[in-house]
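Report on the structure given below.
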Amino acid sequence: MRCWTLPVVGLLLGASIAVTQAAEPGITDKEVTIGMWTPLSGANALQGTSARDSVEIGIAEINAAGGINGRKLKLIAYDDSGSPQSALAAVRRLIDQDNVFALISGSTSGATLPVLPLINRAKIPFIASISSNRKLLNPFSRYVFRVYANEVVQAERVVDFALKRGVKKPGMIYNSNDYGIGGHAAVTKEFKKSGVSLVASERYNQADQDFSAQLLRIKESGADAMFLWALASESGIIVRQARELGLAIPIYSGGGVATPLFPKAAGPAGVGVIASYVVKELPDRSTAKPVADYRAALTARYSGKLPPGRPSEYDLAGYGAIRIFAEGLRRAGKDPTRESFIAGLETLTNFDPGTLFPVTYNATKHEATEETSMLRDGKDMAWEIVR
């Protein structure tokens, strides 16, 4: 009786282990499924299409090299148009219906922050490569990892840059969305450390096209510099209108302005604008091998002709994010779980994703870096890195 029972118990135990392993969401013997929600249409489509393309290109390269620990990667991506409601629906679908293993990229801050409770409740890892909002990791979440410097660090760097150039009476115009409000708070706080206050603070809405009232108030305030916390879709218009109104003061900005679209949209009016920048290379100019290789792959994806404003920093961020994901998964071992994947990410120390600054995570720190670059719109109406 005992001789018969032991093998049966062993078989049942083995079956139980197999079922447990198979039950890990998004994992099969051959695939790991990743989910993405991002703006593929609407005013912020540059960010979303850059993220999707870069993640898909990175996945194709990883799969061509054999995948991770014998498994290929698969991406499911949904368009949220930058809408919080669409983002919530997309993330619920990814978690509850598609049963993805992890999430990558995310959307604008306004369509990422509202889904954090879903992510934390599901205990699903999320590597964020678009939102720079301080609230993404405040309070800290063990499931969320950011790949570049947050808005507070960006503000610290650009404010420090301005102070060293003698700015004493800054004014500011900013978007009324989460990105703009967060940037305004960070810039205000950073200036306060040096005893400097904003002499004007002007908000505008995403759909606005006429900024003359806000810009005139900044001009009348006697500001000796203007801080612009905007996205690519409106930043060029704001700078052109500022110059047309005779606002000839220096302009400083955050990472949302620092896209290839800005110099083209602003034209000669944008020359001299300074922006903090979250990646270490210029995506459209750098000869660094990871960036050049990505640019070639993106060009091939679009049949030899790149879309306007591409590649952008969001391309480089997404491409770096999938490399970070792959390394974390590699370190999770041959039978990965969400928990072992998180543990794998938390062992990354000065890991170089190629297109981003080196990242370091641990059990209490999921902000990848505090490094940024500084850009200037040069005389050829193209960004250049300020060394």
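Worth pointing out:
- Hits in the range 297-338 - residues which are surrounded by fewer than 21 Cβ atoms within 10 Å (Cβ to Cβ), of a type in the set (D, E, K, R) and in contact (Cβ under 8 Å) with a residue 12 or more places away in the chain: ARG301, GLU327, ARG330, ARG331, LYS334, ASP335, ARG338
- Enumeration of residues in the range 342-370 that are under 20 Å from the mean Cα position of the chain (by Cα) and among the hydrophobic types (A, V, I, L, M, F, W, C): ILE342, LEU345, LEU348, PHE351, LEU356, PHE357, VAL359, ALA368
- Listed by first and then second residue, the pairs with beta-carbon distance under 6 Å, at least 6 apart or on different chains, first residue in the range 236-257 and not assigned by TED's automatic domain parsing to the domain that holds ILE130, second of a type in the set (Val, Ile, Thr) and in a loop (DSSP other than H, G, I, E, B), are ILE251/VAL273; GLY255/VAL278.
The values are calculated or read from the model by the stated rules, or taken from the named source; none is laboratory data. Just so we're clear, the structure is a prediction, and the values are computed from it rather than from any experiment. Cβ sites come from the backbone with ideal geometry, for glycine too, and all protein chains shown count toward neighbours.
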